[in-house]
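Undergrad: This is the structure I have questions about; it appears just below.
Computed from the coordinates by the stated procedures, all read-outs in this text should not be read as laboratory data. Here the structure is a predicted model, which means the values were calculated and not measured. Backbone-built Cβ (ideal geometry, glycine too); neighbour counts: all protein chains shown.
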């Protein structure tokens with residue numbers, strides 16, 4: 001079967017082929033190609049050409065576990081290259097790897113814990129077959145498809161065992177570095193070939209001052225779907241556009257509400273126009289889902305559909321709000337960018353794709369995903385450092401108590417002092433209003449809207465539409481919970497305590513006489529949500545005013561190990577990249593030490609100092625949250641709560657001495673650049689921890705191009721004698 005010819009695809013094939021055969025090429029070859037550019041076709045052409053000259057070569061095509069990508073890729077391979085041998089994992093385990101063959105393997109089947117495919121006690125396991133192939137003189141070429149999806153320590157160990165002549169990594173979000181061969185397929189060339197849409201429209205049809213009601217998005221999406229469907233019909237084509245509705249968390253209540261709205265619009269599971277692909281559940285998905293004439297009009301998705309899924313009639317994405325902590329993946333946009341017949345129609349409505357969302361967090365995540373300033377890169381710990389340990393502290397949840405009356409009075413007094421409030425609630429309302437607080441029963445917000453040609457242009461989109469939404473205590477309950485959850489994080493107290501404090505200060509439902517406002521329920525919701533940032537400012541000032549309390553002595557202890565793998569931001573624009581010899585991780589370089597990687601100036605200065613130092617064996621950048629990282633308990637600033645502090649760096653010197661370092665903002669002239677309001681609490685907790693465990697430590701801050709360390713008594717002024725030049729220590 002002949003494959004359609006596109007110049008940019010042939011150029012990519014030529015480049016892959018030449019890099020594979022060139023003796024001077026680096027072992028890892030990376031191809032960054034936009035979703036919809038035909039990565040599968042590029043790889044098939046490349047394999048066919050390579051196997052024609054490499055007779056003793058076996059290709060292993062590794063695919064992520066989600067989306068049945070290995071079955072799709074193998075089916076495409078067999079369609080275009082019926083004379084070539086293709087295997088799946090079961091074939092490989094039964095017959096082994098043969099020269100001239102291509103094996104399609106799902107990552108999850110060989111990397112998940114307790115999987116029989118790689119159990120050492122299984123006679124014919126995967127490692128046995130790899131060893132047999134090596135002994136018979138077969139060489140391996142590894143292709144890692146959608147390479148961002150399975151870059152783990154266990155997957156890395158498997159790749160090492162294959163000992164391939166080259167590993168070819170392919171994705172729309174690959175990472176470049178100095179130790180790989182790298183090529184990026186130009187998005188403009190893919191658009192010019194007609195394979196993906198000419199533009200992306202965001203929130204088309206949302207009007208100024210409209211309500212942020214997800215039902216509006218569903219109606220707009222359906223109207224656009226019908227408009228697209230009619231345009232296809234006018235061309236004599238039976239193409240039924242598909243709407244993807246994304247639920248980040250897949251919460252049952254949200255799914256039910258959307259189903260009810262769609263049912264009222266005439267679409268349901270019963271009539272075959274709605275289906276769900278959530279957490280692997282595909283029971284009601286028709287066999288012809290990806291066919292252009294499938295009747296299915298709306299598909300519910302979570303994240304499983306991000307990778308490798310190919311349904312070219314998908315044109316519209318509706319992203320609903322669930323305040324998900326899960327990062328949005330750029331690949332989801334690719335699901336709606338493909339052209340159903342591989343060419344443009346010169347009809348704007350057909351040559352565009354459409355996104356509808358009120359979720360500003362989603363927009364932020366999307367823009368971060370599109371931002372080529374940095375890309376997350378997974379690095380692996382060098383073998384010789386896997387036994388390093390330090391003691392760490394964990395919170396003792398049993399002793400984490402809060403005296404409600406004390407905390408309530410502290411928060412109330414903070415508002416009273418900040419705004420000069422009194423017992424007169426109407427006067428208080430006027431004082432709040434004069435400081436920019438909003439009152440009423442509507443929620444005020446803004447959203448992004450517009451049209452872009454290239455995905456990266458979404459980085460420059462600005463909020464352009466104001467929205468005004470009447471409060472619904474049912475629909476906006478999760479928004480209120482999200483905001484108050486942020487409040488409790490600032491104060492370090494339980495959610496229930498924070499909610500009760502806000503209720504008693506501002507809501508009518510409690511009869512306490514010392515409340516500052518007496519708002520009805522809708523007014524209360526609007527007050528908290530609309531004035532989120534103003535309230536946070538008050539709470540942060542409260543924390544700063546009482547920072548430096550004594551630390552809790554009763555803590556839990558555990559053992560810290562350097563993580564086997566780390567995900568660090570990599571600066572793709574970094575120049576003159578140099579490998580850092582003093583990092584415990586393979587491949588760590590100066591491209592991980594830039595402001596584009598979200599490193600602060602003190603962190604950048606400190607890492608460069610460590611890399612230059614002849615005293616340093618290695619330094620490790622600690623994480624800022626999570627059970628895997630080095631943590632120290634310090635006294636919460638309200639009540640008796642405990643909080644965790646994660647020091648920035650662990651440094652081991654050549655003489656075996658270990659230092660733990662926290663970097664902070666420095667000093668310019670007489671101006672203190674430190675912005676951490678809890679600096680005193682952390683300093684003295686860190687001091688107690690270090691003295692108890694007999695570990696060297698210090699806070700490090702920059703001034704006038706030099707770094708200074710303090711581990712005695714904290715002072716803001718770095719000119720004070722307690723701040724000593726870091727060179728005196730290492």
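Undergrad: Residue 500 to residue 416: extension gain in nm, 0.36 nm per residue of separation minus the Cα-Cα distance?
TA: That works out to 28.5 nm of additional length.
Undergrad: Ranked highest first by the average count of other Cβ atoms within 10 Å around their residues, in what order do 594-603, 565-574, 27-36 fall?
TA: 27-36, 565-574, 594-603
Undergrad: Could you work out how far the C-alpha centroid of region 209-263 sits from that of region 669-719, in angstrom?
TA: Taking the Cα centre of region 669-719 as reference, the centre of region 209-263 is 54 Å away.
Undergrad: Okay, next question. So for each of 609-621, 130-142 I average, over its residues, the number of other beta carbons within 10 Å; can you give me the resulting order with the highest mean first?
TA: Ranked from most to least packed, the peptides come out as 609-621, 130-142.
Undergrad: Then there is this: Quick one: grab the alpha carbon gyration tensor of region 43-104, order the square roots of its eigenvalues as a ≥ b ≥ c, and give me rounded if a/c is under 1.5, else prolate or oblate depending on whether a/b is larger than b/c. Mind showing how you got there, number by number?
TA: Numbers: a/c = 1.88, a/b = 1.25, b/c = 1.51.
Verdict is oblate for region 43-104.
Undergrad: Report the calculated FRET efficiency for residue 132 and residue 394 (r = Cβ-Cβ distance, R0 = 56 Å), to the nearest 0.05.
TA: Calculated transfer efficiency: 0.75.
Undergrad: Which of the following values of volume of the Cα convex hull per residue in Å³ was calculated from the structure shown: (1) 181; (2) 191; (3) 355?
TA: So the calculated entry is the one marked (2).
Undergrad: Calculated FRET efficiency, residue 435 and residue 545, Cβ-Cβ r, R0 22 Å, to nearest 0.05?
TA: That pair, residue 435 with residue 545, gives E of 0.75.
Undergrad: Just need the Rg to Rh number for region 1-98, please, alpha carbons only, Kirkwood Rh.
TA: Radius of gyration over Kirkwood radius for region 1-98 works out to 0.95.
Undergrad: Among 411-420, 38-47, what's the highest-first ranking by average C-beta atoms within 10 angstrom per residue?
TA: On the way: 411-420: 16.1, 38-47: 22.7.
The densest-packed peptide leads the list: 38-47, 411-420.
Undergrad: In nm, give the distance between the simple-model label positions of residue 285 and residue 179, each being 7 Å from the Cα along the Cα-to-Cβ direction.
TA: So the two model labels end up 3.7 nm from each other.
Undergrad: Could you work out how far apart the two model spin labels at residue 628 and residue 260 are, taking each label as a point 7 Å from the Cα in the direction of the beta carbon, and quote it in nm?
TA: Result for the modelled spin labels: 4.1 nm.
Undergrad: Just the number, please: percent antiparallel of the DSSP beta bridges in the chain, rounded to the nearest 5.
TA: So the antiparallel bridges in the chain amount to around 45 percent.
Undergrad: Expected output is a single nm value to one decimal: the length gained when fully extending between residue 561 and residue 5, i.e. 0.36 nm times separation in residues minus the C-alpha distance. What is it? Working shown, then result.
TA: Details: separation 556, 0.36 × 556 = 200.16 nm, distance 5.19 nm.
That pair, residue 561 and residue 5, stretches by 195.0 nm at full extension.
Undergrad: Between residue 161 and residue 85, what's the calculated FRET efficiency when r is the beta-carbon distance and R0 is 30 Å? Round to 0.05. Display every interim value, and only then the final one.
TA: Details: r = 22 Å, r/R0 = 0.74.
The calculated FRET efficiency here is 0.85.
Undergrad: On to the next question. Once you have a ≥ b ≥ c as the square roots of the Cα gyration tensor eigenvalues for region 571-627, tell me rounded if a/c is under 1.5, and otherwise prolate or oblate according to whether a/b is larger than b/c.
TA: Verdict is rounded for region 571-627.
Undergrad: What number, rounded to the nearest 500 deg cm²/dmol, is the helix-based mean residue ellipticity at 222 nm of the chain, given -39500 (n - 2.57) per DSSP H run of at least four residues and division by all its residues?
TA: Using -39500 (n - 2.57) per qualifying helix, the result is -9500 deg cm²/dmol.
Undergrad: Can I ask one more? Quote to one decimal, in nm, the extra length available between residue 55 and residue 722 on full extension: 0.36 nm per residue of separation minus the C-alpha distance between them.
TA: This chain segment gains 233.2 nm when fully extended.
Undergrad: Now a separate question. For a test of the definition: using alpha carbon positions, the gyration tensor, and the 1.5 limit on a/c, classify region 623-725 as rounded, prolate or oblate.
TA: Oblate, since a/c reaches 1.5 and b/c is not below a/b.
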